Amino acid sequence: MHHLLEGIFILLIGAVFTYLMKIRPGAQPMSRAKMIAYFVVGVVIGIIFITTDHIYAPTTGL
């Protein structure tokens with residue numbers, strides 16, 4: 001279940017990144033290929049978020 005939530009989070013980050021790139025000020029209309037490329041970049045950003053989540057977590061010693 002935990003991995004399912006992480007997968008949904010990664011896809012959500014990809015979709016939000018694509019949407020924000022589409023509506024940014026001064027943006028030209030995007031082709032489908034460019035939207036897919038932005039989605040892939042967003043997915044990579046989401047993967048980085050997930051994999052680096054534990055780096056700064058405090059250790060409790062338990």
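Can you give me the angle between helix 32-51 and the longest principal axis of the chain, using Cα atoms only, in degrees from 0 to 90, rounded to the nearest 10?
Taking Cα atoms only, the helix is inclined about 10 degrees.
Kirkwood hydrodynamic radius, the chain, all distinct C-alpha pairs: what's the number in Å?
In the chain this quantity evaluates to 13.1 Å.
Could you do me a favour and compute the accessible area per residue for the chain, 1.4 Å probe, result in Å²?
Per-residue value: 84 Å².
Note down the relative contact order for the chain as a percent, whole number, built from C-alpha pairs under 8 angstrom at least six residues apart.
43
The values are calculated or read from the model by the stated rules, or taken from the named source; none is laboratory data. Please read all numbers here as calculations on a predicted model, not as lab measurements. The accessibility values were calculated without ligands, DNA or RNA, using every heavy atom of the protein model including side chains. Shrake-Rupley method; radii C 1.70, N 1.55, O 1.52, S 1.80 Å.
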